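Each remark here refers to the structure printed beneath this line.
No value in this document is a laboratory result; all are computed from the given coordinates. Since the structure is predicted, the reported quantities are computational estimates derived from the model, not experimental observations. All Cβ positions, even for glycine, are placed from backbone atoms using ideal geometry, and neighbour counts span all protein chains on display.
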Amino acid sequence: MSDKSSSRTSTFDRRAFMAGAAGSALVPMTARAVAQDANEPVAQDPSLPVEVTLRVNGKDKRLRIDARTTVLDALREHLKLTGSKKGCDHGQCGACTVLIDDRRVVSCLTLALAAEGQEITTIEGLATDDRLHPMQQAFIDNDAFQCGYCTPGQIMSAVACVKEGHAGNEADIREYMSGNICRCAAYPNIVAAVKQAAPEIMKG
Amino acid sequence: MRSFSYRRASDPDMAVRALSAAAAANNPLTKATAQPLAGGTTLIDLMKLDVMRPAAVVDINPLAHAWSAIEPDGEALRLGALAKMSDVAAHAEIRRSYPVIADSLRLAASAQLRNMATLGGNVMQRTRCSYFRDVSYENCNKRNPGSGCAAMDGVNRMHAVLGTSDQCIATYPGDFAQALIALDAVVEITGKAGTRSMPFAQLHKAPGSTPEIETTLQPGELISAFSIQGRWPRSVYLKARDRQSYEFALSSAAVALDVQDGTIRDARVALGGVATVPWRAREAEALLKGEKFDEALAQRVAHAAFADARGRRHNSFKIGLGRRVVARALQQAVTMEI
């Protein structure tokens, strides 16, 4: 349970609850890792954390992480950007899709250390001010989801699909969106959403 | 995932040194304590599964500025090993002069994975055999040499019918390698002593009695480039699979033809999804040379390609499927407009 979220909000907020719960679970591990590192400034032991700066949605984020940390885990567990989802964690489902240097990749198979110096864009970085990105709006307009778990990955992948020039017809959209699995099978509506948003995105 | 140290390679020398430092006691390459990281789509996956357990990961992506050029010069083609699958698949001149290469890459994996995976890593990807990938099975000769093979009498629908041994029937899963082997590609390898080149056909090793040895690469060696002589505009990659997209091949064929005045002057046929290594069907090619194409010839060629195939309980269907894939790929190559 999270004291932080319950004291901050009077009504139950699922996202705050989940983020708070995840944060408190992580505290002991982080504290121990930092203490170890203070005693050993040169981290030769691979189990010790290393420092990395990730550029996420236009902002530099300094992190101390285990070398094993993927971009997905860095986003979700360290930066509390839980929009990118962990589905299979093996590059098979696409739920964790983000853009790195404007190209769509699966963040679960990308080491955070290897992404240093690159521009990471997540679902949280798509909207400008209070205005949804055209692809986000198109997913709502076309009811392009049921449970919504795959949706952030679908949207990030769809934005790239359009910019790559692979959204010219339904066959291309289906082929080039095949790396994003939707177990609710909202595929027809996802295709419709991509078709709707494509002209506006290409217009710039 | 087990702990590992992470180092970023600043140049090829440093990468080779870091990868070969602990190499002597660590043959073969698949068990080397230091592994190169390119796209990571195989390595990170297999590390999460505890199939691969490197103590050191050497990130070779910084070498991309020197090792990722796509260079068709009209008479030959050179591809840097760190070129991304998606970039090569989309390259206009590759699509025009080497459609078998463009299609083998375009039909592999997903858009996300093709943006990550490199050509060198792609040919080094490891089998999708479910018993190899699941460490709860002790008996996998590829993972634990001498432990047996769970696939022999297990669910072996996805397994190989060509190039197998009594030790291993795991399928080589890739697509691009079939295009390379069909086109007599040469692979350039960078190691401690500089660079060396050899026919791509000599890179992969059939399992025989040592399925843990998958290639002739040594620890501390990196693929730096591939090269191909000539242009092959009349070429196709046909892939049959359980899903229409984003799936490994049940059976595939890379076919390249040189046809002049209706006569086949040169023919290349390679098979994927059915063999333990990228598979060149030379007996099939021999039947095509000097002939005029018709359906009867396609059938003879298709049967020759699978003459030595041996099915097991669940994968015998691949022999019939594979023949049809070869015949259809030939038909497409003959009739395509170039």
Review point. Residues with amide H under 5 Å of B:S5's amide H, sequence separation 5 or more or different chain, H placed in the peptide plane at 1.01 Å from N; which?
Key: B:A56, B:V57
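Shape verdict for chain B, please, from the Cα gyration tensor: rounded (a/c under 1.5), prolate (a/b greater than b/c) or oblate.
oblate
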Check your understanding: Rounded to a whole number of µm²/s, how large is the Stokes-Einstein D of the range A:133-204 at 25 °C and 0.890 mPa s, given Rh as the Kirkwood radius over C-alpha pairs?
Key -> 212 µm²/s
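So, R0 is 30 Å and r is the distance between the beta-carbons of B:R196 and B:A55; what FRET efficiency does that work out to, to 0.05?
About 0.65, to the nearest 0.05.
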Point to revise | Where trypsin sites (Lys or Arg not before Pro) fall in DSSP loop in the range B:229-338, at most 14 other Cβ within 10 Å | key: B:R243, B:K289, B:R310, B:R313
Exercise for review: Could you sort out which of A:K203/B:K84; A:K59/A:K85; A:K195/B:K48 sit more than 25 Å apart by Cα distance in this structure?
Suggested key: A:K203/B:K84; A:K195/B:K48
Revision key, fill the gap. Here the range B:225-234 yields Karplus 3J(HN,Hα) values (6.51, -1.76, 1.60; θ = phi - 60°; whole Hz; Gly and Pro given as x) of 6, 10, 9, 9, 8, x, 10, 10, x, 8
**Study point:** Loop-located trypsin sites (Lys or Arg not before Pro) in the range B:184-215, at most 14 other Cβ atoms within 10 Å (DSSP)
**Key:** B:K192
Practice item. With runs of 4+ DSSP H residues as the only contributors, calculate the mean residue ellipticity of the protein assembly as shown at 222 nm using -39,500 (n - 2.57) per run, divided by the residue total and rounded to the nearest 500. Key: -9000 deg cm²/dmol
Review point. In the Gaussian network model of chain B, springs joining C-alpha atoms below 10 Å, which of B:H303, B:H159, B:H314 carries the largest mean-square fluctuation?
Key: B:H314
Point to revise | Per-residue HN-Hα couplings for the range B:321-331 [Karplus 6.51, -1.76, 1.60; θ = phi - 60°; Hz; x = Gly/Pro] | key: 4, x, 4, 5, 5, 5, 4, 6, 5, 4, 4
**Study point:** Rounded if a/c under 1.5, otherwise prolate or oblate - the range A:81-184, Cα gyration tensor axes
**Key:** rounded
Point to revise | Amide H within-cut-off set for B:S251, under 5 Å, with H built and near neighbours excluded | key: B:A240
Exercise for review: Could you give the size of the charge dipole of the range B:5-62 about its Cα centre, using +1 on the Cβ of each K and R and -1 on the Cβ of each D and E, expressed in debye and rounded to the nearest 20?
Suggested key: 140 debye
**Study point:** Nearby lysines by direct alpha-carbon distance to B:K318 (threshold 16 angstrom, same-chain neighbours under 8 apart not counted)
**Key:** B:K239
Revision key, fill the gap. Cross-link reach from B:K289 to aspartates and glutamates, straight Cα distance under 18 Å and at least 8 residues apart if same chain, gives B:D184, B:D258, B:D261, B:D266
**Study point:** Reach of B:K192 by Cα under 20 Å, taken over aspartates and glutamates that are not fewer than 8 positions away in the same chain
**Key:** B:D11, B:D13, B:D59, B:E221
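What's the magnitude of the charge dipole for the range B:69-109 around its Cα centre, counting Lys and Arg as +1 and Asp and Glu as -1 at the beta-carbon? Answer in Debye, nearest 20.
Around 180 debye, computed over the range B:69-109.
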Review point. Which value, in debye to the nearest 20, gives the size of the charge dipole of the range B:235-335 about its Cα centre, when Lys and Arg are +1 and Asp and Glu are -1 at the Cβ?
Key: 480 debye
Practice item. Mind checking the range B:273-338 for GluC sites (Glu not before Pro) that DSSP puts in a loop (not H, G, I, E or B) and that have at most 11 other Cβ atoms within 10 Å? Key: B:E337
Study note, to complete from the structure: With x for Gly and Pro, the residue-by-residue ³J(HN,Hα) of the range B:159-171, computed from phi through the Karplus equation 6.51 cos²θ - 1.76 cosθ + 1.60 at θ = phi - 60° and given in whole Hz, is 7, 7, 10, 10, x, 7, 9, 6, 9, 7, 10, 5, 7
Review point. Relative contact order of chain B: what whole-number percent is it, with Cα pairs under 8 angstrom and at least 6 residues apart?
Key: 17 percent
Point to revise | Compactness of the range B:235-335 - radius of gyration and Dmax, Cα, Å | key: 13.1, 45
Check your understanding: Long-range amide H contacts for A:V98: which residues qualify at under 5 Å (H placed 1.01 Å from N, peptide plane, sequence gap of 5 or more or a different chain)?
Key -> A:V105, A:S107
